[in-house]
Amino acid sequence: MKSKCEKILQKLYFINDLAVSCVFVLLFVTVITNVFLRYFFSFSFLWGEELVRYCYIYMIFLGVPIAYRERINVSIMYFSRRFFSDKIRYWLDIFFDLIIAITITFIIYHTIIMIMGKLGSTRTQGLRLPMGYVYAAVIIGYVLVIIEIVIRFIKGKDSRDINFESKEIIE
């Protein structure tokens with residue numbers, strides 16, 4: 001039986017995956033609609049390109065926690081598996097998590113300051129949305145990454161993607 005925390009995490013993962021999927025569909029439909037209108041009717045919505053840009057921003061920042069959770073950062077995995085032993089990889093993984101958590105915390109803090117300032121209340125040109133909504137993607141995505149890092153530290157060695165018996169090298 002799953003604990004209450006695991007159930008909450010599963011719901012959070014589902015919501016994150018669903019949000020990325022919905023934003024992608026919105027982005028796709030908007031692009032196709034604008035291309036169709038521009039090609040056949042020489043008309044496009046003023047706000048279409050802006051919506052696509054903001055959907056792309058949200059898709060990226062909501063996708064970062066998924067990539068982090070699934071451990072699909074190719075460059076770090078490639079170099080750590082190729083050049084280091086399993087034990088060193090384990091400690092490097094912890095080191096990278098700490099560096100990422102510190103950097104992300106710094107970014108979240110300054111994004112909040114920026115949103116609370118004049119820039120957060122500035123409106124976008126086409127959609128007339130407050131820019132704070134756009135910058136909120138940074139906070140939402142990175143808070144989800146911080147949650148993933150905390151989960152890895154709570155779970156300990158079992159949550160690390162390092163097989164101490166394996167000597168396989170990715171080439």
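The values are calculated or read from the model by the stated rules, or taken from the named source; none is laboratory data. Here the structure is a predicted model, which means the values were calculated and not measured. Glycine gets a Cβ as well: all are built from the backbone with ideal geometry, and neighbour counts include every protein chain shown.
Looking only at the stretch 129-167, residues that are among the basic types (K, R) and either at pLDDT 90 or above or part of a helix (DSSP H, G or I) (or both) come to 3 in all. The residue that is modelled with the lowest pLDDT, among those in the stretch 66-101 that are assigned to a loop (DSSP other than H, G, I, E, B) and not basic (K, R), is N73. Might you check whether a residue that is on the phi > 0 side of the Ramachandran plot and either aliphatic (A, V, I, L, M) or without any contact (Cβ under 8 Å) to a residue 60 or more places away in the chain (or both) occurs anywhere in the stretch 115-133? So far as the stretch 115-133 goes, yes, one or more of its residues are on the phi > 0 side of the Ramachandran plot and either aliphatic (A, V, I, L, M) or without any contact (Cβ under 8 Å) to a residue 60 or more places away in the chain (or both). Every listed requirement among (1) more than 27 Å from E148 (Cβ to Cβ); (2) assigned to a helix (DSSP H, G or I) is met by S44 save one, (2). Residues being over 23 Å from Q125 (Cβ atoms) and free of Cβ contacts under 8 Å to residues at least 12 places away in the same chain are entirely absent from the stretch 47-64.
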